[in-house]
Amino acid sequence: MPIANMQSYNSIALRVHSSAFAAQGQAMQLSNAIVNKLHASCSFAQVTEGQGAAADVALDLNVTNTQRGGGGLISNSSTARMDTLLVISDGQSGDILGTARIHGESSGMIINNAPPELEAIDVIAKTIVDMLGKSGCSGPRIAKAVPPPPPPDPGHVEPPPVDETHRPEAEKLDDDGKQKLFAADIQGALTAFQQANALVPDARYEYNMCNALGLLEQWDKAIDTCKHAKTMNPKPELVAKIDHKIDLLQHHQ
């Protein structure tokens, strides 16, 4: 399913990390495979890679595990599996646009004497670019449209004003949570987002909590958290992201 609307982004930055020590070299191969497919399938004016790369939208992909031989009772040394965690964020604001776990596994057959890890890498690269294709990465770029505000709810009661005294600390915790998410420390990220929201209740922090809970496969908690974020007067563009996230989460239940 689409993960975020890519039509309004002109440039993309790819940052591939690895929390699996043995996968350092494979992370570079994975980065190259994704960049090649982005150039072939998407219409971004600029595709950059590496730490510090700046763009309209950023893809942070962490290789969390690699395995040779497959699982189960029967081992096949020609089978390779790679597990990754993808975080898509706005390159300007840093806001999280979407998250996904993506797995690649080879067919179990050696092709042209190539290591099976290359086939697993190709599966992941194709999955990511196919997902971006469904999200509008191809075709002409369009101006970013701001969703209209929702119609007034006659039963809506304005929440009390938020105490902004601790906003700097909350923003730092939110940023720390994003960095932990990039490093595949999902539980650490969730804790940071929760601490930020405890200091200053904010729909942005709750939406980030919803993303982390989804990655932890706590589907019901994630949906409830996203729904609660909608009650906190989020901006229209955040409402659209929350609604899309709820739809994705409900497909996983």
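Scan the stretch 204-227 residue by residue and report those that are among the hydrophobic types (A, V, I, L, M, F, W, C), more than 16 Å from Val87 (Cβ to Cβ) and surrounded by fewer than 22 Cβ atoms within 10 Å (Cβ to Cβ).
Across the stretch 204-227, the qualifying residues are Trp219, Ile223.
Residue pairs, Cβ under 7 Å, 6 or more apart or interchain, first in the stretch 5-27 and among the aromatic types (Phe, Trp, Tyr), second modelled with pLDDT under 85 and in a loop (DSSP other than H, G, I, E, B). List them.
Short answer, once both residue conditions are applied: none.
Which residue out of Ser107, Ser93, Ser75 is part of a loop (DSSP other than H, G, I, E, B), modelled with pLDDT of 90 or more and among the small types (Gly, Ala, Ser)?
Just one listed residue meets the conditions, Ser93.
Kindly list the number of the only condition in (1) at positive phi; (2) in a helix (DSSP H, G or I) that fails for Gln187.
(1)
Go through the stretch 190-233 and give me each residue that's free of Cβ contacts under 8 Å to residues at least 12 places away in the same chain, more than 21 Å from His166 (Cβ to Cβ) and not in a loop (DSSP other than H, G, I, E, B).
Correct list: Lys221, Asp224.
Could you count how many residues in the stretch 228-239 are crowded, with 18+ Cβ neighbours inside 10 Å and closer than 14 Å to Gly98 by Cβ?
1
Does Leu85 fit the bill of being of a type in the set (A, V, I, L, M, F, W, C) and either assigned to a loop (DSSP other than H, G, I, E, B) or at pLDDT below 95 (or both)?
Working: of a type in the set (A, V, I, L, M, F, W, C): yes; either assigned to a loop (DSSP other than H, G, I, E, B) or at pLDDT below 95 (or both): no.
No: the conditions fail for Leu85.
The values are calculated or read from the model by the stated rules, or taken from the named source; none is laboratory data. Note that the coordinates shown come from a computational prediction; the quantities given were computed from them, not determined experimentally. Neighbour counts run over all protein chains shown; Cβ positions are idealised from the backbone, glycine included.
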